[in-house]
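The values are calculated or read from the model by the stated rules, or taken from the named source; none is laboratory data. Source: prediction; values computed, not measured. Cβ sites come from the backbone with ideal geometry, for glycine too, and all protein chains shown count toward neighbours. Surface areas here come from the heavy atoms of the whole protein model, side chains and all, with no ligands, DNA or RNA. Shrake-Rupley method; radii C 1.70, N 1.55, O 1.52, S 1.80 Å.
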Amino acid sequence: MKKWLLGISALSLSFSLAACGSDSASTDKTDSDKAKTTQQEEKNAKETKTDTQSNDKSTNDKNEKVENASKKDSSDKKTSDNKKKLVDVTLNRTVDGDTIKVNYKGEVKTVRYLLIDTPKIKKPNSCVQPYGEDASARNKQLVNNGKLQLEFDKGDRTDKYGRMLAYVYADGKSVQETLLKEGLARVAYVYEPNTKYLDTYKKDEQAAKDKDLKIWSKNGYATDKGFNGCVTKPKQSVSVSKPAQKSVTTHQSETHQSNSSSSASSSSSNSAQASPSAGGTEHFANCTELRKKYPHGVLSTHPAYTSKMDRDNDNFACEKN
């Protein structure tokens with residue numbers, strides 16, 4: 001009986017141990033599976049992160065390429081816009097400080113300089129303005145110095161008078177800038193979109209103002225509306241005939257008096273012809289004779305003006321080219 005009970009106890013203990021072993025193995029297997037699952041999830045997460053970073057880098061590279069391409073296009077466009085398209089012309093003659101006549105496509109065309117204004121010497125019904133002669137002479141010197149070229153802006157190429165509007169270059173150097181820097185011109189007649197060099201010209205003008213050069217040397221002369229004042233010409237001296245010396249004999253005295261009277265009459269006649277008088281006129285045989293007295297010619301309002309001496313019909317006779 002005891003043996004039988006001991007056998008049953010041993011058998012029960014064996015079953016219990018077997019069950020515990022099975023539960024332990026099952027638990028170990030479960031823990032192992034969980035560990036593998038966690039490792040796989042971590043691996044998948046790393047791969048996902050790597051893919052995301054790769055995609056982000058690829059996207060950033062694409063965006064950077066697009067941005068660089070856009071910048072390049074913008075830069076190329078800006079370079080293209082700033083590139084000068086110059087047209088070769090030949091000088092016909094200088095009109096004044098900001099106007100010339102050129103030979104353009106087989107025709108003589110008047111060119112008015114864009115964005116600047118100089119004192120005038122030939123404006124109809126107006127006096128000669130201070131520094132007008134200086135501006136005209138300097139302009140003539142510049143446009144005769146090397147290859148002459150024009151540059152047009154985006155807007156109208158002609159004004160209401162039919163004059164071409166352009167930037168002018170002599171041997172590659174801007175004539176407008178030179179006149180502004182030297183105080184012989186002001187920035188004026190600004191009309192969009194013909195404003196390509198406006199900022200540059202304003203800087204040149206300000207530099208001349210800071211130095212009180214020429215048109216800026218007198219307060220109130222150069223204004224936003226133009227120039228104030230006229231050139232004051234020195235008064236012409238009136239020659240007075242010397243009285244004839246008295247002669248010892250009455251006959252000689254009478255002869256000298258007669259000659260003196262004739263000389264005075266002749267002098268008076270010549271004086272009336274040579275000097276302007278209110279409402280009168282002066283007569284000269286040709287421009288050569290006129291320039292002896294008026295070296296730069298005369299305006300249409302001058303007593304010596306005649307239309308036959310104004311061959312280009314610009315209201316200024318016998319001007320020197």
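Annotations for the structure displayed:
- Scanning the stretch 182-193 for residues that are buried (at least 18 other Cβ atoms within 10 Å of the Cβ) and more than 18 Å from LYS120 (Cα to Cα) gives no hits.
- Matching residues, the stretch 285-296, being open to solvent by less than 70 Å² (accessible area, probe 1.4 Å) and touching a residue at least 24 places away in the same chain (Cβ under 8 Å): CYS287, LEU290, TYR294, PRO295
- Residue list for the stretch 307-319, restricted to those being surrounded by 16 or more Cβ atoms within 10 Å (Cβ to Cβ) and free of Cβ contacts under 8 Å to residues at least 60 places away in the same chain: MET309, ASP310, ALA317, CYS318
- Qualifying residues in the stretch 132-169 (those that are of a type in the set (Phe, Trp, Tyr) and at pLDDT 95 or above) - the one surrounded by the fewest Cβ atoms within 10 Å (Cβ to Cβ): PHE152
- Selected residue (criterion: least open to solvent (accessible area, probe 1.4 Å)) from residues of the stretch 199-228 that are of a type outside the set (Gly, Ala, Ser) and assigned to a strand (DSSP E or B): PHE227
- The lone exception for PRO119 - which of (1) open to solvent by 20 Å² or more (accessible area, probe 1.4 Å); (2) closer than 25 Å to LYS202 by Cβ it fails: (1)
- When the stretch 95-117 is limited to residues that are in a loop (DSSP other than H, G, I, E, B) and touching a Phe, Trp or Tyr at 6+ places or on another chain (Cβ under 8 Å), the one that is farthest from LEU198 (Cα to Cα) turns out to be ASP98.
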